[in-house]
Amino acid sequence: MRQASFGDIHIDRLIEVEGPGYAPNMFFPDATIEGFKGEMEWLLPHFWDVAAETYLRAIQSYVVRTPHHTVLVDACVGANKERPSSPSWHHLNSSWLDQLRAAGVQPEEVDYVMCTHLHADHVGWNTKLENGEWVPTFPNAKYVFHKGEYAYWEKVGYEAGGQGSQDGCFLDSVLPVMAAGQVELVDTDFAIDDQFTLDPTYGHSPGHVCIDLNANGQHVIMSGDVLHHPIQIAYPEWNSRFCVDADMSRASRTKFVHKHADTDTLLLPAHFASPTMGRIESNGERCKYQLADS
Ligand SMILES: [Zn+2]
């Protein structure tokens, strides 16, 4: 899906990067090739690259327009960021902002930016480079961050000789919007119009939240990184190598999969490859991902 509509609520998907990921057991240290191969019936063709022998993934954002608000969920890697420890992200300059405009949304029209968490691939477009300074990309937006997530990265964000963790993304993509007075630090009781609510799914990061949307009665979850790849629906015990609290991450993912299995809930994850949107279904002993029609 590139766009989905539920009555007068419209969701656009902005794709920054898409294609094969890392070696499977490098990104998912607990994964086995046999585990992946056992799920090929539903992983192919969208979520596994046979030639590359690895999984397919994307880095993407969602823009939700309601009659009252324009809400951006997650902000990808961004442009011109110094990310030497992730070479494919270093000085990246994708068509992401053009995709936003092509969807009919100008940066000035975004009134909320919500980050599921504050990793480098979720905060990048929060800021842009202007005259050598990082400034908010969305000048009229309120940026909504979970307060526990912010506190954690505020503490570790200054470490590593001033560069911070994750190549300093806290410094160049979070602090400037704080300095501009545009941040609202929230707890899990935060809501926008009773349409957007937060689901605490801690573990991948200390304050990771999924963003639940009531889209005129259709439950849609922008689920961030509680799941990186559909294989984790079959194996919720498989963490990514970037999960901060391994046990909590497994517990949150397992709970999430079971809670939403065999329901009408639609998922819009941050890293599922195209066409992305789908539901969790039982599949014998495990669960699987069933793509939605639209
Ligand atoms: Zn991510």
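A short reminder: the numbers here are calculations on the coordinates, not readings from a lab. Just so it is clear, the model here is predicted, and its values are computed rather than measured. Counting neighbours? That spans all protein chains shown, and the Cβs are built from the backbone with ideal geometry, glycine included.
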Seminar exercise, completed: Once Ala23 and Glu154 are pulled to full extension, the length gained, defined as 0.36 nm per residue separation minus their Cα-Cα distance, is 44.0 nm
For this session: Starting with the highest mean, order 18-28, 245-255, 55-65 by the number of other Cβ atoms within 10 Å, averaged over the residues of each peptide.
Result: 55-65, 245-255, 18-28
Problem set entry | segment 1-133, Cα convex hull volume normalised per residue, Å³ | 139 Å³
Exercise. Can you flag which of Lys128/Lys155; Lys81/Lys155; Lys81/Lys142; Lys37/Lys128; Lys81/Lys288 are past 30 Å Cα-Cα?
Worked result: Lys37/Lys128; Lys81/Lys288
Exercise. Restricting attention to the alpha-carbon atoms of the chain, what are Rg (one decimal) and Dmax (integer), both in Å?
Worked result: 17.9, 57
Exercise. How much FRET efficiency would the formula 1/(1 + (r/R0)^6) give for Ala179 and Glu109, where r is the Cβ-Cβ distance and R0 is 22 Å, rounded to 0.05?
Worked result: 0.45
Seminar exercise, completed: Output row, site His258, 7 Å Cα→C-beta label point, backbone N cut-off 20 Å, window segment 21-53, residues none
Problem set entry | Relative contact order (%) - criterion: Cα under 8 Å, at least six apart; region: segment 3-291 | 17 percent
For this session: Quickly work out the Ala52-to-Asn140 label distance, labels modelled 7 Å from Cα along the C-beta direction, and quote it in nm with one decimal.
Result: 3.9 nm
For this session: Can you work out the PRE-style zone for Gln290? Point 7 Å along Cα to Cβ, and I want the residues of segment 238-257 with backbone N under 18 Å.
Result: 257
Problem set entry | Placed amide H near Trp48: partners under 5 Å, 5+ positions off or other chain | Leu56
Problem set entry | Paramagnetic reach from His68 (point 7 Å along Cα→Cβ, amide N under 20 Å) across segment 190-204 | 190-199
Exercise. Based solely on its DSSP helices, what 222 nm [θ] is calculated for the chain when runs of n ≥ 4 H residues each add -39,500 (n - 2.57) and the sum is averaged over all residues, nearest 500 deg cm²/dmol?
Worked result: -5000 deg cm²/dmol
